[in-house]
Each structure stands twice: as C-alpha cells, then as structure tokens.
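S.K.: Provided herewith is a single structure, encoded as structure tokens, for subsequent inquiry.
The values are calculated or read from the model by the stated rules, or taken from the named source; none is laboratory data. As the structure is a computational prediction, the values presented were derived from the model and not from experiment. Please note: Cβ atoms are built from the backbone with ideal geometry, for glycine as well, and neighbour counts cover all protein chains shown. Please note that ligands, DNA and RNA were not included when accessible areas were found on the heavy atoms of the full protein model with its side chains. Shrake-Rupley method; radii C 1.70, N 1.55, O 1.52, S 1.80 Å.
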Amino acid sequence: MTRPLTAAQRRLIEAADPGTGRLKGTEAQLTALVKRGLAFRHPRPPHDHFLTPAGHRAREAAQAQAEPSEPSEPQAPASTSGVFAARAGGEPVPPAAEGPARTREVRSAWQGMLELRRMTNPDASTDRPCAWERTHLVQAAALALEAAGHRPAGAAEGEDGYRVRETPQPDAVAVHAPDAPTLRACVETLEASGWQAGEYTEPRTRRRYVLASPRRV
C-alpha cells in the first residue's frame with residue numbers, strides 16, 4: 001500500500017507553481033518526492049524539480065478535498081516570480097527579468113502550457129491549443145513565438161521584431177514582422193505549435209502579415 005503523504009510533502013505539492021509544477025523545498029524533501037514518483041529533477045541547470053503527472057493528480061486531489069464545492073479552473077502559465085506574461089511586442093514596459101533569467105521563465109511557461117494542454121484537452125493532446133489559449137489568443141500566440149526564440153518588437157520606434165495583435169475575428173490574431181523571412185519563420189513556429197497560420201496582405205498599406213487561429217483537430 002502506498003504510504004500517505006506527510007503534512008510537509010502535501011504543503012510542498014500544494015505550493016508548486018500552478019502553471020509549470022515547479023517545486024521549492026529542501027534537497028531532502030524534493031528527493032523524497034522524486035522517490036515516490038511525484039516529482040522529477042530537470043536534467044539541465046539549474047536542475048529545478050517539477051511535479052510529474054502523478055504529482056499533479058495528488059495536488060488536484062488535495063485541492064478537491066479542501067474545496068469540494070469549488071472545482072478548480074485551469075491556471076495560466078506562471079513564472080517563478082508571479083503571473084507570467086509573454087511579450088506580444090511593443091510593450092511600453094519591458095518584463096522585470098531579461099537575458100538568461102527571461103529565457104528560463106519563458107521556457108518554464110511553455111512547458112507549463114504543454115502540461116495544461118495535456119491536462120485539459122479531452123484526448124490529452126499537447127500538439128494543439130487548449131481552452132485557455134482559445135480565450136487568451138494574443139498571450140498564447142506570443143508565448144509560442146517567444147518560446148521558440150523569436151524576438152518581440154521593442155517599445156521604441158524602429159525596434160524591429162514580431163508584434164501579436166487582436167483582430168475583429170473572435171478566434172484569430174494578427175502577427176506582424178519586419179521582413180518576409182521573419183514572417184515566414186513565425187508561420188512555421190505557429191503551425192508547429194498547433195495553430196493554423198497563413199500570410200495575407202493589408203489592402204491599404206500592402207504590408208504582409210500573418211493571420212493565425214488555434215487548430216481544433
């Protein structure tokens with residue numbers, strides 16, 4: 001029979017990052033969770049620990065016991081320092097983390113998004129967007145692009161990079177880029193991330209842009 005979790009282990013699991021499953025604790029505590037199959041140690045530096053699917057189920061069970069009348073909603077990917085926001089391009093205020101720290105946050109948020117897909121798509125598929133992405137189109141598309149290494153546009157005039165923007169269509173976003181090769185690369189990234197994407201021309205400016213929507217099947 002599986003030994004019940006200790007109070008300390010339950011607190012550790014319940015305090016895991018809601019989007020990525022990242023854990024914080026002493027080496028002994030984390031190692032104990034790994035031995036029980038509830039966590040794994042990431043092979044790359046900084047070798048953080050994350051919940052396994054069994055660990056996520058354990059946390060969901062604990063939350064269900066604590067709040068039986070309040071079914072928990074899937075949470076958006078979060079960074080280690082708070083709610084994560086992917087860069088859509090042109091933001092007046094840059095994110096607090098930059099350089100390698102930002103890269104780690106983006107990578108962690110993307111892994112959290114894949115886990116959210118696995119947990120909420122009816123067939124546990126991770127190759128197409130989930131319900132959260134369909135209601136947060138700009139953030140979801142921006143995360144896919146930023147996680148793939150594309151550079152978002154800066155706030156200053158002339159700072160080139162991608163820009164993800166809302167459109168009049170309820171299920172699509174527009175992606176703008178400074179040149180044709182960058183635009184084509186954005187299409188390839190979005191398609192590989194489970195989006196339908198195609199290039200179009202703005203009637204007035206004749207500039208090319210990408211129209212992208214989450215793939216359903």
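S.K.: Within the range 158-194, list the residues whose amide N lies under 17 Å from a label point set 7 Å along Cα→Cβ of R151.
M.R.: The answer is 158-164, 176-186, whose backbone nitrogens lie closer than 17 Å to the label point.
S.K.: What is the packing order of peptides 145-155, 126-136, taking the mean over residues of other C-beta atoms within 10 Å and listing the highest first?
M.R.: In descending order of packing, they fall as 145-155, 126-136.
S.K.: If I model a spin label as a point 7 Å beyond the Cα along the Cα-Cβ vector, how far apart are those points for L114 and R44 in nm?
M.R.: 1.0 nm
S.K.: Compute, for V34, the solvent-accessible surface of its heavy atoms (probe 1.4 Å) with the complete set of protein chains present, and express it in square angstrom to the nearest 10.
M.R.: Only protein atoms counted, so the area is about 60 Å².
S.K.: Sticking with this one: Within the set of other residues whose C-beta is less than 15 Å from the C-beta of A124, count the net charge using Lys and Arg as +1 and Asp and Glu as -1.
M.R.: Summing Lys/Arg as +1 and Asp/Glu as -1 gives 0.
S.K.: Also, I was wondering about something else. Compute the separation of the alpha-carbon centres of the range 138-156 and the range 172-217 and state it in Å as a whole number.
M.R.: What the calculation gives is 13 Å, centre to centre.
S.K.: Next question. Can you tell me the order of 115-122, 25-32, 190-197 when each peptide is scored by its average per-residue count of other Cβ atoms within 10 angstrom, highest first?
M.R.: For the peptides 115-122, 25-32, 190-197, the packing ranking is 190-197, 115-122, 25-32.
S.K.: Keeping every protein chain present and rolling a 1.4 Å probe, give me the accessible area per residue for the range 90-217 in Å².
M.R.: 54 Å²
S.K.: Name the shape class, rounded, prolate or oblate, that the alpha-carbon gyration tensor gives for the range 101-217, where a ≥ b ≥ c are the square roots of its eigenvalues, rounded holds for a/c under 1.5, and otherwise prolate holds if a/b is larger than b/c and oblate otherwise.
M.R.: Oblate is the answer for the range 101-217, as a/c is 1.5 or above yet b/c matches or exceeds a/b.
S.K.: Cβ under 13 Å from G149's Cβ, G149 left aside: what net charge do those residues give with Lys, Arg +1 and Asp, Glu -1? Display every interim value, and only then the final one.
M.R.: Values: positive: R87, R102, R107, R151; negative: E146, E188.
Residues close to G149 contribute a combined charge of +2.
S.K.: Further, regarding this structure: Please list, ordered by chain and number, the residues whose modelled amide H lies under 5 Å from the amide H of Y162; skip anything fewer than 5 residues away on the same chain.
M.R.: The list, which skips near neighbours in sequence, is R151, A153.
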